[in-house]
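Read through the structure below, which is laid out as structure tokens, and then see the notes.
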Amino acid sequence: MEGYITIAVLGALVALDTTVAGQFMVSQPLISATLAGYLFGDMESGMYIGAIMQLMWLKLIPAGGSIFLNGNLGTLAAISVLELSVNEFKYSIESLRFTVIVYGIVTSYIFGYFTMSQRFINQFLIRIAHNAVYKNRIFRFQLAHILGVITTGIAGMLISVIFALAGKWLLLRLPPVYFTSSESFFQYGLYAFLGIGIGTVLSMHWARKAWYYPVIGVGAGCVVMLLS
Amino acid sequence: MDNKVIHRNENLIINPPPDSLRTFDLVRIFLRSFFIQATFTMKEKLSVGFGFALLPGIKRISRNHEHMQQLLKRHSEYYNSHPFMTSFILGSVLRLEENATNNSPNPYKDIEIIKTHLAGVLGSLGDRLFWKFLKPFASIVALIMIFILSEFYPWNIFISIICFLLVFNVLHLFYRLWGIIHGYRAGTAVIHSKSIQLIEHLNFRLACFALGFIGLLSILELRLVYKEDIFGIIIFIAASATAFLLNYKKNSPGLGIIVGLAVSFVIYSLFHLTGY
């Protein structure tokens, strides 16, 4: 029960910080997943999944009118499933991490609709706010706006818990052949995710005239490797 | 001129003179600006959020209830910009509304220009600075910290998280706070603000540093991958090249993930079948 309460609180925090309140970046995968891992007593898994998802979803921009994938809530769903099912899971930790990352990617797409539904609810709240202004009801105007914060928080709580439960249910019912036939692939799959992250970030800033900056970085990396 | 004086005097007689804004009001507006996106919609964008954030200032400068209603109605209409950069608009609009209350000539045109044209420019600048350059930069720095300080586990994770939050939020909070203060001081002259003109220069520097740090991070990750065998490096490079090409040419992170993973699986299967 404590685990679900933790997920609910984190779900509200992530849903609010993503766009509605503050945007202090606490909702970013690296931070939210590590925090979830810490609260569940498995910070290493949290950091690992958070780092991979952070790199892969860096290109998502929560800007203006765009309907973006919700990688933040997707990551929380992934780490929640991992932490809830780790004790009952019979196979390797790599296979568990790989599978929950795939689940996190899928749910990130699904949670994109959460953003859309939130904006749909906001249309009603805006109507209430505008009516309140016409009737000179300042308190009602403010209440309508604050309701936008409250509904997002509650929705974040609910969908985090629902998708954590659904993910755990699905994971524990996956056919054993999925884990046994490709056991050795999962480790390499995680490396592939790391590579995808680096490729995605590099594509964001790449410019032909600035080719020497990554080269300098690679040189510095080699020096760090030699020194350690 | 005489008419105007008489008109002003009439106003003074009918309605008491409005207060000027206090520091406490600006603090309240600053705090409310964190919730500006609470009722974001595709059609109205930040409309109600803008009015909500501006309300403490509106209450202070309005002459009476009708005036307050009129101001709130005007500032709850369509408005769109970057949420962090909106602070400049909030401050500037407050100054102009305050001037308007004190009967300055034709202030509404200036307010309209600030809320449409400058908001658009600031929106674009903010999106580029915060989402395209600063967030990736902060993330890469945090990940490098995790790798470099790995001997100090778990402290390396705490340090990297603090680093991430500091790198991003110092600039974030600076623009939020300074925007309101400077916008209120400068009014329409906020357009010439150096902190706004600095953004493009800052973007360029952040992009250069980010590129360098990506190179460093890729080497650190390669070392992690190499712990297993050379096969890990092949998969890492193949996935990274695929994701790079698909994101660079098609701008699709989802497609990059799916195809990158598929390529890795094909390479793995080929090596596996050949008995590697």
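Any read-out appearing in this document is the output of simple, stated calculations on the displayed coordinates, not a laboratory observation. Worth saying up front: this structure is predicted, and the values here are computed from it rather than measured. Glycine gets a Cβ as well: all are built from the backbone with ideal geometry, and neighbour counts include every protein chain shown.
Any idea what the dipole of the protein assembly as shown comes to, in debye rounded to 20, about its Cα centre with Lys/Arg Cβ at +1 and Asp/Glu Cβ at -1?
Working: 38 positive and 25 negative charges, 312 e Å.
Once rounded to the nearest 20, the dipole reads 1500 debye.
Relative to the longest principal Cα axis of chain A, at what angle does helix A:212-227 sit, 0 to 90 degrees, rounded to 10?
60
Using 1/(1 + (r/R0)^6) with R0 = 41 angstrom and r between the beta carbons of residue B:78 and residue A:210, what's the FRET efficiency to the nearest 0.05? Please list the in-between numbers first.
Details: r = 38 Å, r/R0 = 0.94.
Result of the calculation: an efficiency of 0.60.
With Cβ to Cβ distances under 15 Å as the rule, what net charge do the other residues near residue B:187 carry (K, R +1; D, E -1)?
Details: positive: B:95, B:109, B:115, B:185; negative: B:97, B:98, B:110, B:112.
Surrounding charge for residue B:187 is 0.
For chain B, with a Gaussian network of springs between Cα atoms less than 10 Å apart, report the residue from B:234, B:159, B:140 with the top mean-square fluctuation.
B:234
So what's the convex hull volume per residue for the Cα atoms of the stretch B:127-202, in Å³? Before the final figure, lay out the partial values.
Working: hull volume 6.1 nm³, N = 76.
So the per-residue hull volume is 80 Å³.
Could the peptides B:162-174, B:257-269 be put in order, highest first, of the mean number of other beta-carbon atoms found within 10 Å of their residues?
Averaged packing, sorted descending, gives the order B:257-269, B:162-174.
Angle between the Cα long axis of helix B:2-14 and the longest principal axis of chain B, 0 to 90 degrees, nearest 10?
80
Just B:191, B:214, B:235 to compare: in a GNM of chain B, with alpha carbon springs under 10 Å, which one fluctuates most?
B:235
Quick check of the Kirkwood formula: for chain A, what is the inverse mean of 1/r over all pairs of different Cα atoms, in Å? Numbers along the way, then the final one.
Numbers: mean 1/r = 0.0518 Å⁻¹.
It works out to 19.3 Å.
Quick one: of B:59/B:135; A:168/B:45; A:168/B:249; A:59/B:194; B:194/B:249; A:209/B:115, which pairs are farther than 30 Å apart, Cα to Cα? Write out the running numbers ahead of the final one.
Details: B:59/B:135 36 Å; A:168/B:45 37 Å; A:168/B:249 37 Å; A:59/B:194 28 Å; B:194/B:249 35 Å; A:209/B:115 37 Å.
In this structure, B:59/B:135; A:168/B:45; A:168/B:249; B:194/B:249; A:209/B:115 lie more than 30 Å apart at Cα.
If one puts a single equal scatterer on every Cα of the protein assembly as shown and applies the Debye formula without solvent, what log₁₀ I(q)/I(0) results at q = 0.08, 0.10, 0.12 Å⁻¹?
Debye output, listed in q order: -0.55, -0.80, -1.06.
Among B:193, B:167, B:216, whose Cα lies farthest out toward the positive end of the dipole of the protein assembly as shown, if unit charges sit on the beta carbon of Lys, Arg (+1) and Asp, Glu (-1)?
Of the listed residues, the answer is B:193.
How far, in degrees from 0 to 90, does helix A:29-40 lean away from the longest principal axis of the Cα atoms of chain A, to the nearest 10?
Orientation of helix A:29-40: about 80 degrees from the principal axis.
Along the principal axes of its C-alpha atoms, what lengths does chain B span, in descending order and rounded to whole Å?
Extents along the principal axes: 97, 38, 29 Å.
How big is the stretch B:53-173 in terms of Cα radius of gyration and Dmax, in angstroms?
Rg and Dmax of the stretch B:53-173, Cα atoms, are 20.7, 66 Å.
What's the average, rounded to a whole number, of partner chain beta-carbon atoms within 10 Å of each residue's beta-carbon in B:134-145?
On the way: counts 1, 7, 8, 2, 3, 12, 7, 0, 7, 9, 4, 0.
The mean count of partner-chain Cβ atoms within 10 Å per residue comes to 5.
I'd like the projected area of the stretch B:197-276, averaged over all directions, using the convex hull of its alpha carbons. Report it in nm² with one decimal. Don't skip to the answer; put the middle values down first.
Values: hull surface 26.1 nm².
Taking a quarter of the hull surface, the average projection is 6.5 nm².
How big is the charge dipole of the stretch B:197-276 about its Cα centre, in debye rounded to the nearest 20, if each Lys and Arg gets +1 on its Cβ and each Asp and Glu gets -1 on its Cβ?
Numbers: 5 positive and 4 negative charges, 29 e Å.
Using Cβ point charges on Lys, Arg, Asp and Glu, the stretch B:197-276 gives about 140 debye.
What does the average come to when, for each residue of peptide B:265-274, you count the partner chain Cβ atoms lying within 10 Å of its Cβ? Before the final figure, lay out each step's value.
Values: counts 5, 0, 2, 6, 2, 0, 1, 3, 0, 0.
That works out to 2 on average.
With only Lys, Arg, Asp and Glu charged, each at its Cβ (+1 for the first two, -1 for the last two), find how big the charge dipole of the stretch B:66-138 is about the Cα centre; round to the nearest 20 debye. Mind showing how you got there, number by number?
Details: 8 positive and 7 negative charges, 69 e Å.
Roughly 340 debye for the stretch B:66-138.
What is the Å³ per residue value for the convex hull set by the Cα atoms of the stretch A:147-228?
For the stretch A:147-228, the hull spanned by Cα atoms encloses 207 Å³ per residue.
Given q = 0.13, 0.14 Å⁻¹, what are the Debye log10 I(q)/I(0) values for the stretch B:103-235, with equal point scatterers placed on the Cα positions and solvent ignored?
So the normalised log intensities work out to -0.70, -0.76.
Counting only helical runs of four or more DSSP H residues, what would the 222 nm mean residue ellipticity of chain A come to if each run contributes -39,500 (n - 2.57) and the total is spread over all its residues?
Helix-only estimate at 222 nm: -26500 deg cm²/dmol.
Got a sec? How would A:59, A:90 order by Cβ neighbour count within 10 Å, fewest to most?
Numbers: A:59 22, A:90 9.
Result, fewest neighbours first: A:90, A:59.
Could you tell me which trypsin sites (Lys or Arg not before Pro) in the stretch A:140-228 are loop residues by DSSP with no more than 16 other beta carbons within 10 angstrom of their beta carbon?
Values: sites: A:140, A:168, A:173, A:208, A:209; in loops: A:173.
Qualifying residues, ordered by number: A:173.
What does the structure give for B:146-155 when I average, per residue, the other chain Cβ atoms found within 10 Å of the residue Cβ? Walk me through the numbers on the way to the answer.
Numbers: counts 6, 4, 2, 0, 1, 1, 0, 3, 5, 0.
So the per-residue partner count for this stretch is 2.
Whole Å is fine, so just give me how far the alpha carbon centre of the stretch B:207-268 lies from that of the stretch A:29-96.
So the two Cα centres are separated by 19 Å.
Taking only Cα atoms and a 10 Å spring cutoff, compute GNM fluctuations for chain B and point out the largest among B:23, B:101, B:116.
B:23
For the stretch A:131-193, state the average projected area of the convex hull of the C-alpha atoms over all orientations, rounded to one decimal in nm².
Numbers: hull surface 29.2 nm².
Hull-based average projected area comes out at 7.3 nm².
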